[in-house]
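Quick notes on the structure that follows.
The values are calculated or read from the model by the stated rules, or taken from the named source; none is laboratory data. Quick caveat, the model's predicted, so the values are computed rather than measured. Heads up, the Cβs are rebuilt from the backbone with ideal geometry, glycines too, and the neighbour counts pull from every protein chain shown.
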């Protein structure tokens, strides 16, 4: 539930950074900075968070991206106060809320709101009453609390469903109520715990836009966790990628996509495939020439985070979906055979089998190539990355995060 959004001392106040979404009577507090220093969390012998440090600027939208088991949920729960740190510090605004020496401010006193994956609505309250519940901290007159909750439900497209109970609402409608409730609390920090993962694709897209719009209109600091890279790229001002309880890259969506820090980041953020290759030598700053498979075909690629790659080193060429262009087969160049094609509205995605056995998927083209067609592949060096074999590890299996 959103009860972790009560302001200290229960008082409403405003400041130079105050802002509002609906109405003029209630003011919001200024968005806080969040500073996490050396945050470590152990569950018995398991280290779920390993010395994570992170600065989140006031009013920014940070997405924590990673697979199940990477530590993103644990980090969010420590920030919310649901879990206690084993060591390290967390500061919200100018207030230390947790450290490894036993200092722990309870969730309801951290002045934040949280939107949960499973909605966490009160089943015995109507949609309007669920939203109004979060307004109790503002000590508004009852009539104003009702008005304000109805305004927020209207803002998330539920004006006509205010008297329905949660079991009378769809999953998407319930999540809209949860979002309205988080905004009603009037806090400067919004936390999102994979709020769209239980919804179908169309609803995810629709609510993603709502969340981005409303969080930025509120000028709140937002921290959002997900395992969906497309969702992360669409929402974030900055993305923190987690692997094994550590943040392995922190940057803008463009930086993470175009310059992945390691092979894990490149693979987790979306690839058409991986081609066996061998480094033939440098090809300019941060670039190498790679020989593909057992052929004479060469491709130039970025070598991010790997330093100077020695000639002859075996590795893989990791290709973004945008790296490959298809054309008619010629005598020269990299050849392949179309094994599948799927209409995607904006064009067609293709699966391509290469002569040495590697396979690419999701290769886009505006025209449809037929199964069995021979094609020539051109590779954009700005959208492919060479990593030596010793830098490539399998993606982790799903587990609790």
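If you go through segment 159-168 and keep only what is in contact with a helix residue (DSSP H, G or I) (Cβ under 7 Å, 6 or more places away or on another chain) and either assigned to a helix (DSSP H, G or I) or under 29 Å from residue 65 (Cβ atoms) (or both), you end up with 159, 161, 166.
Any residue at all in segment 59-68 that is in contact (Cβ under 8 Å) with a residue 24 or more places away in the chain, over 21 Å from the mean Cα position of the chain (by Cα) and over 22 Å from residue 237 (Cα atoms)?
Filtering segment 59-68 down to residues in contact (Cβ under 8 Å) with a residue 24 or more places away in the chain leaves 59-68.
Restricting the remaining residues to those that are over 21 Å from the mean Cα position of the chain (by Cα) gives none.
Within segment 59-68 (the criterion being in contact (Cβ under 8 Å) with a residue 24 or more places away in the chain, over 21 Å from the mean Cα position of the chain (by Cα) and over 22 Å from residue 237 (Cα atoms)), the answer is no, since none of the residues qualifies.
Check whether at least one residue in segment 136-143 is assigned by TED's automatic domain parsing to the domain that holds residue 219, closer than 26 Å to residue 93 by Cα and surrounded by 19 or more Cβ atoms within 10 Å (Cβ to Cβ), and report yes or no. Yes, segment 136-143 contains a residue that is assigned by TED's automatic domain parsing to the domain that holds residue 219, closer than 26 Å to residue 93 by Cα and surrounded by 19 or more Cβ atoms within 10 Å (Cβ to Cβ).
Restricting attention to segment 176-205, which residues are surrounded by fewer than 18 Cβ atoms within 10 Å (Cβ to Cβ) and either modelled with pLDDT under 85 or assigned to a loop (DSSP other than H, G, I, E, B) (or both)? Before you say what the answer is, go through the steps one by one.
Here is the first cut: in segment 176-205, the residues surrounded by fewer than 18 Cβ atoms within 10 Å (Cβ to Cβ) are 197-198, 200-203, 205.
197, 198, 200, 201, 202, 203, listed by residue number.
Just one residue in the set 329, 291, 287 is surrounded by fewer than 20 Cβ atoms within 10 Å (Cβ to Cβ) and closer than 18 Å to residue 351 by Cα; that residue is 329. For residue 148, indicate whether it is within 27 Å of residue 205 (Cα to Cα), assigned to a helix (DSSP H, G or I) and over 29 Å from the mean Cα position of the chain (by Cα). The answer is yes for residue 148. From the list 115, 131, 56, 97, the one residue that fits, being within 30 Å of residue 177 (Cβ to Cβ) and without any contact (Cβ under 8 Å) to a residue 24 or more places away in the chain, is 97.
The single condition from (1) closer than 19 Å to residue 185 by Cα; (2) surrounded by fewer than 19 Cβ atoms within 10 Å (Cβ to Cβ); (3) at pLDDT 95 or above that residue 25 fails is (3).
Assessment of segment 263-276 against the conditions (surrounded by fewer than 19 Cβ atoms within 10 Å (Cβ to Cβ), in the same structural domain as residue 312 (by TED's automatic domain parsing) and not in a loop (DSSP other than H, G, I, E, B)) yields at least one matching residue.
Take residues that are closer than 18 Å to residue 245 by Cα and at pLDDT 90 or above and tell me which of the strands (runs of 3 or more DSSP E) falling wholly in segment 76-138 contain 3 or more. Walk me through how you get there before you give the answer.
Working: elements: 87-92, 95-99, 113-115.
Answer list for segment 76-138: 87-92.
For segment 60-92, a residue qualifies if it is over 28 Å from residue 270 (Cβ atoms) and in contact with a helix residue (DSSP H, G or I) (Cβ under 9 Å, 6 or more places away or on another chain), and the qualifying residues are 80, 81, 82, 83, 84, 85, 88, 90, 92.
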